[in-house]
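Read-outs: derived from the displayed coordinates by stated rules, not from any lab. The structure presented is a predicted model; accordingly, all values stated were derived computationally and were not measured. Note: ideal-geometry Cβ built from the backbone for every residue, glycine included; neighbour counts use all protein chains shown.
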Amino acid sequence: MSASTYVDMQVTVAPPSPARLDSFFDAVADALHEITDDSSRDLAYDAATGSLTFSFTFEGPVAPERAMARALTMGRTAFHAAGGATPNWDLAQWSIVPQQSAAEELLLK
């Protein structure tokens, strides 16, 4: 197992009409997965809060600022590709967890 960095980015969005919500979510998710990047990524939507949660795993050690920049760029790109606008994304809530490799964990014990 190698080191990796896990990032959740949660943004509150103005959703489209309820009739369009499923197709819009699908379009954002498809666009997110079509982005060329070596990260693993996923998307969730909470209708109760109107928030999208983008989840990314970046392989190797990644500085938190770099992880946030990459996540924000990919999230906004996917949202724009689906026809959405991204006002106030600078207010996103972040969770960043560096994960150590098995070798690093053994060295710390």
Under the Karplus curve 6.51 cos²θ - 1.76 cosθ + 1.60, θ = phi - 60°, whole-Hz ³J(HN,Hα) for segment 51-59, x wherever Gly or Pro sits: 10, 9, 10, 8, 10, 10, 10, 9, 6
Amide hydrogen neighbours beyond the local backbone of ALA3, cut-off 5 Å, H modeled: GLY60, SER101
For segment 32-43, 3J(HN,Hα) per residue [Karplus equation, 6.51 cos²θ - 1.76 cosθ + 1.60, θ = phi - 60°, Hz, x = Gly/Pro]: 4, 6, 7, 5, 7, 6, 8, 7, 9, 8, 8, 9
Order by protection proxy (mean Cβ within 10 Å, highest first), peptides 63-74, 32-43: 63-74, 32-43
Net charge over other residues, Cβ less than 12 angstrom from the Cβ of ILE96 (K, R count +1; D, E count -1): 0
Value of relative contact order over segment 4-102, rounded to a whole percent, pairs C-alpha under 8 Å and six or more apart: 46
Net charge, ASP46 excluded, C-beta distance under 15 Å - Lys, Arg +1, Asp, Glu -1: -3
Convex hull projection area averaged over all views, the chain, Cα basis, nm²: 7.5
Charge context of VAL11, other residues only, Cβ under 13 angstrom, K/R +1, D/E -1: -2
Lys, Arg +1 and Asp, Glu -1 on Cβ, resulting dipole of segment 4-102 about Cα centre, debye, nearest 20: 200
Per-residue [θ]222 nm for the chain (sum of -39500 (n - 2.57) over DSSP H runs n ≥ 4, rounded to 500): -12500 deg cm²/dmol
